[in-house]
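Derivation of every value follows stated rules applied to the coordinates shown; laboratory data play no part. Being a predicted model, the structure only gives us computed values, none of them experimental. Positions of Cβ are generated from backbone atoms using ideal geometry, with glycine treated the same way; all protein chains shown enter the neighbour counts.
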Amino acid sequence: MMHQGPQVLVFPSWRDNPFLNLLALAARSQGRRFLGSTTYEGFREQIKRLHAGDTVHLHWTQPLLQKADSPVEAEGRLRALTADLDSLAARGISLVWTVHNRLPHELSYPQEERRLIRAIAKRADAIHIMAPATSEVVAEVVTIDPAKVRLIPHPSYEGVYDSGIDRSTARASFDLDSSDRAVLFLGQIRPYKGVDALIKASGTASLDDRNVVLMLAGAVKEIPLDEFQASLPDGIRTITDLSFIDDGDISRWFRAADVAVFPYRAILNSGSLHLAASFRTPVIFPDEPHLRSQFGKQTWVEFFDPARPAESIAELLSDPTLFSNVTDADFRSFTDPISPWAVSRQYAQLLDELSAGA
């Protein structure tokens, strides 16, 4: 029987989040037991179940304070959470924080959120980053102690999703032919993701011998659905599935696309780029300094100007030679070193280090 090792309390532990599941692969195989919660109340209750040698791993902090019903409740939650975090070290429990964003994208209590992030950074034993420039990007919000930083890259999604469908079959399923340049956005459609700029760009892009086809896949959030549908361009063909896309169908959308565009207004890390790479789909990304330094050498990544997103994306989509020289080897050189198992082993080593220190 597998030996049950130390426990890891993950928050928030969304069961259908592939990133969380991939990160834990090696640690689970070594016998670590993973606990989880998705609510403030559940998180505080789970902390009581931990013992010396266990680890608390915080990811996205938004559910902790931003779900409060009032500023008074948010302040009370902040005090209680700070006391909980203070108790961890005395109990021999380690704290890891993964920096996913500069700040949560939707904020009702921004000042309290900043104070929580600073409290976490101060008490964390290790701060996990995936973008090398993370400390500089978040410096206005929190100062990160370089001695605590652990760089473990975002894993690829190689072998995670069904990729049996080939490009020709995928394109045929959408009735796409060789004269179509299929432009994809896949993911939740939320205001900060800038899909409105992509819609405008797709309507103005022009190719002499090809037609731009806009493909939008994902549930619409924080935007009235009828308002979003009314914004779709009239002059070009648009293929939409404005609902949650099943894991088994993700490969069909990416395989069919000529390019995936992620026109985010605010971004630190994005698994969408890694997902596209796993399906060999080139990407257009915002030209932020930390993103260009991290991905600028990849031939399958191009960058649009965030100061003029719609116009810049349209110019890229109008380029007949866009990504014409990209090969499968270009994608492999990026995805092979960050396979799910390789990255999860690095994470397991971090947990071993923390348990030994505790």
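A compact table of results
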{"read-out": "Rounded tilt (10° steps) of 340-357 against the dominant C-alpha axis of the chain", "value": "20 degrees"}
{"read-out": "Over segment 167-334: Kirkwood hydrodynamic radius from C-alpha pairwise inverse distances, Å", "value": "16.0 Å"}
{"read-out": "Least to most buried among Ser202, Ser37, Ser344, Ser70 (fewest other Cβ within 10 Å first)", "value": "Ser70, Ser37, Ser344, Ser202"}
{"read-out": "Under-5 Å amide H pairs with Phe303, H placed in peptide plane, nonlocal only", "value": "Phe285"}
{"read-out": "Per-residue HN-Hα couplings for segment 18-30 [Karplus 6.51, -1.76, 1.60; θ = phi - 60°; Hz; x = Gly/Pro]", "value": "x, 4, 4, 5, 5, 4, 8, 3, 5, 5, 5, 5, 8"}
{"read-out": "GNM top mover of Arg237, Arg49, Arg345 - the chain, alpha-carbon springs below 10 Å", "value": "Arg49"}
{"read-out": "Charge tally in the Cβ shell below 14 Å around Ala256, where Lys, Arg are +1 and Asp, Glu are -1, Ala256 excluded", "value": "0"}
{"read-out": "The chain - mean residue ellipticity at 222 nm from DSSP helices (-39,500 (n - 2.57) per run, n ≥ 4, rounded to 500)", "value": "-11500 deg cm²/dmol"}
{"read-out": "Assigned charges on the beta-carbon of Lys, Arg, Asp, Glu; segment 240-358 dipole about Cα centre (debye)", "value": "180 debye"}
{"read-out": "5 angstrom amide H check on Arg265, placed H, neighbours 5+ away", "value": "Lys193, Gly194"}
{"read-out": "Segment 75-163: translational diffusion in µm²/s, Stokes-Einstein, Kirkwood Rh over Cα pairs, 4 °C, 1.567 mPa s", "value": "89 µm²/s"}
{"read-out": "Dipole in debye (nearest 20) - the chain, about Cα centre, beta carbon charges: Lys, Arg +1; Asp, Glu -1", "value": "1360 debye"}
{"read-out": "Euclidean distance of C-alpha centroids, segment 87-120 and segment 242-287, integer Å", "value": "28 Å"}
{"read-out": "With Cα atoms, 0 to 90° folded angle of helix 71-90 axis to the chain main axis", "value": "60 degrees"}
{"read-out": "Most positive-pole-ward Cα, Val10, Val183, Ser272, against dipole of the chain from beta carbon charges", "value": "Val10"}
{"read-out": "Test item: Cα-centred dipole of segment 7-151, Lys/Arg +1 and Asp/Glu -1 on Cβ, debye", "value": "500 debye"}
{"read-out": "Distant-in-sequence amide H partners of Leu35 (H built 1.01 Å from N, under 5 Å)", "value": "Val8, Leu9, Val10"}
{"read-out": "Mean projected area in nm² (Cα convex hull; one quarter of hull surface) for the chain", "value": "18.8 nm²"}
{"read-out": "Furthest towards positive pole of dipole, Thr327, Pro282, Ile47, structure part the chain, Cβ charges", "value": "Ile47"}
{"read-out": "Selected from Val213, Pro340, Thr240, residue furthest toward positive end of dipole (the chain; charges at beta carbon)", "value": "Pro340"}
